[in-house]
Amino acid sequence: MGSTLGRTPLDELHTFVTSHLDGAARAWFDRALHEAAARPGPHGPISVWELRLAEAGRRCGPEHADAVRVLILRAARADADTLTRVYRQGTAAERRAVLYALPHLVPGPAALPIVEDALRTNDTRLVAAALGPYAARHLDAHNWRHAILKCLFTGVPVDEVADLARRARADAELARMLADYADERTAAGRPVPEDLYRVHALTEREPEAVPEPHVGAEPEAGPATGVPTAAEPSPHPGTPSGKES
C-alpha cells in the first residue's frame with residue numbers, strides 16, 4: 001500500500017489487512033494486537049509488541065508488513081516518545097512503519113525530528129514515507145522545499161508527497177530553486193526530471209480574476225486585459241520558466 005498508509009483511516013486499514021491474510025497470519029496478527037493493547041507503552045528494554053514489529057514481515061508477508069506494523073503501533077497507543085525510540089532502535093522497515101504511523105498517532109509537531117532524520121538518509125523508501133500527511137502539516141517551508149529537491153535528484157516520485165499542490169502553490173522560492181536545479185542539469189548535459197516541470201507548474205500563482213465592468217461604464221483605454229501573451233523563450237532550452245536572477 002506504500003504511501004497510502006498515512007492517508008487511510010486505520011479502521012479501514014485493519015479491515016483490508018484482515019481480509020487479505022490467511023488463517024495462520026490472521027491469528028498471529030490478532031494475538032499481536034491483543035498483546036499490544038493489553039500492555040501498551042514501553043516495558044523494560046523492549047516490549048513484547050516491539051518484538052512483534054520485527055516479526056511482521058515473516059508472519060504476514062512483506063506486502064502487508066508495513067500496514068500490520070502501523071496497526072500494532074496504534075494498538076500499543078504509541079506516543080511521540082515511544083515512536084522516536086522505536087524509530088531509533090528499529091530496522092529500516094520498522095522505521096518506515098513509524099513514519100507511516102505519525103499522522104495517525106501524533107497530533108502535533110513533537111515527532112518532527114523523526115521526519116527530518118529520514119529526509120537526511122539516502123534510503124528512498126524512508127524519504128517517501130517521511131513526506132506523508134504528517135510532514136505536509138508540520139514540516140517548515142525551508143526543509144519541505146529541500147525535501148522536494150531531494151525527491152527529484154534521488155528519483156522519489158513526487159506523487160509520494162502528500163498535499164503537494166497546496167504546499168507548492170505560489171511558492172516563489174521553490175520555483176527559483178527548481179529553475180536553478182534545472183539549469184544545473186542542463187549545463188551538465190543531463191536530463192531534467194519530468195517531475196520538476198510538474199512541481200514548477202504548481203508554484204505558479206493562480207491568475208487573478210478580471211473585474212466585470214460596471215453596466216453603462218465606458219471601457220478604459222489601453223490594451224485589453226486578461227489576454228495571455230506568449231511566453232518569452234527560455235535562454236536555457238529544457239528549463240522551466242520563472243527563474244529569478
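The values are calculated or read from the model by the stated rules, or taken from the named source; none is laboratory data. All values reported here derive from a predicted model rather than from experimental measurement. Note that we place each Cβ from the backbone using ideal geometry, even for glycine, and neighbour counts take in every protein chain shown. Calculation scope for accessible area: heavy atoms of the full protein, side chains included, ligands and nucleic acids excluded. Shrake-Rupley method; radii C 1.70, N 1.55, O 1.52, S 1.80 Å.
Okay, here's what the table says:
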item: Test: residue in the stretch 61-77 that is within 14 Å of TYR134 (Cβ to Cβ) and buried (at least 16 other Cβ atoms within 10 Å of the Cβ); result: yes
item: Pairs where the first residue, in the stretch 23-41, is farther than 8 Å from ARG59 by Cβ and the second is open to solvent by 80 Å² or more (accessible area, probe 1.4 Å) and not hydroxyl-bearing (Ser, Thr, Tyr), C-beta under 7 Å, 6+ apart; result: PRO40/ARG77; GLY41/ARG77
item: Qualifying residue in the stretch 140-159 (condition: at pLDDT 50 or above, closer than 26 Å to HIS104 by Cβ, in contact with a Cys (Cβ under 9 Å, 6 or more places away or on another chain) and open to solvent by less than 50 Å² (accessible area, probe 1.4 Å)); result: yes
item: Flag if ARG125 is part of a helix (DSSP H, G or I), within 14 Å of the chain's Cα centre (by Cα) and not β-branched (Val, Ile, Thr); result: yes
item: Evaluation of ALA201 against (1) of a type outside the set (D, E, K, R); (2) open to solvent by 30 Å² or more (accessible area, probe 1.4 Å); (3) under 24 Å from ARG96 (Cα atoms); (4) at pLDDT 95 or above (one fails), failing number; result: (3)
